[in-house]
Each structure stands twice: as structure tokens, then as C-alpha cells.
Amino acid sequence: MPAGNESHLAIEIEPELRTRIVAAAAERGVSVRDYVVAALRQALASTGPERAADDSIEWSRLSSRSFARDWDSDADAVYDALA
């Protein structure tokens with residue numbers, strides 16, 4: 001990116017994570033900045049089927065915990081016959 005088109009981002013991370021990032025960048029022969037930018041771009045671009053499946057699993061877990069009381073109620077029993 002040309003100078004002037006960049007902004008500064010400061011985050012706090014665990015020391016162990018920082019150590020791993022520095023090591024991974026060194027292994028690839030790139031700066032920590034370039035490594036982190038590439039990792040962030042890759043994370044933001046990953047919207048394929050794997051991510052959708054992961055999101056579905058997370059929503060299912062949330063739903064199970066959040067709505068178990070309602071799902072197991074007598075009022076909801078009518079829907080059990082439809083399954």
C-alpha cells in the first residue's frame with residue numbers, strides 16, 4: 001500500500017501468541033507486520049463452505065443451550081411428531 005493509505009492498529013495479545021507470530025514470520029522470511037496483515041486478509045476472505053459449517057456448528061451449540069428448556073416443553077411436543 002502506498003504511504004498515506006494505511007492506518008495504525010494496536011492490539012494487546014498474550015506473550016505466547018506474540019512469540020508464535022514472530023517465529024512464524026521469521027520462518028517465512030517476512031516482517032511481523034506483513035505476516036499479520038496476510039493472516040488477517042486470509043481470515044477475512046475465508047467465507048467458504050468450511051467457515052459456513054463452523055458457523056452452523058456454533059449456532060447449533062448456542063441454540064441447544066439457549067432453547068433446551070423450550071424444546072423439551074409439553075407445548076413443543078406437537079413438533080416431535082413431525083420429525
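For region 4-45, what is the charge dipole size about the Cα centre, in debye to the nearest 20, if Lys and Arg each add +1 at the Cβ and Asp and Glu each add -1 at the Cβ? The partial results should precede the final answer.
Values: 5 positive and 6 negative charges, 27 e Å.
My answer is approximately 120 debye.
How much length is gained if the chain between Ala38 and Asn5 is pulled fully straight, taking 0.36 nm per residue apart and subtracting their Cα-Cα distance, in nm to one decimal?
Details: separation 33, 0.36 × 33 = 11.88 nm, distance 1.67 nm.
So the chain would gain 10.2 nm between Ala38 and Asn5.
Under a 5 Å amide H cut-off, with hydrogens placed 1.01 Å from N, Val30 pairs with nothing among residues at least 5 apart or on other chains.
Counting other beta carbons within 10 Å of each Cβ, put Asp34, Asp74 in order, fewest first.
Working: Asp34 12, Asp74 6.
The most exposed by this proxy come first: Asp74, Asp34.
Classify region 1-47 from the C-alpha gyration tensor, please: rounded if a/c falls under 1.5, else prolate or oblate depending on whether a/b exceeds b/c. The shape class here is rounded.
The numbers here are math on the coordinates, done by the rules we state, and not lab data. Keep in mind it's a predicted model, so treat the numbers as computed, not measured. Because the Cβ atoms are built from the backbone with ideal geometry, glycine has one as well, and the counts that use them run over all protein chains shown.
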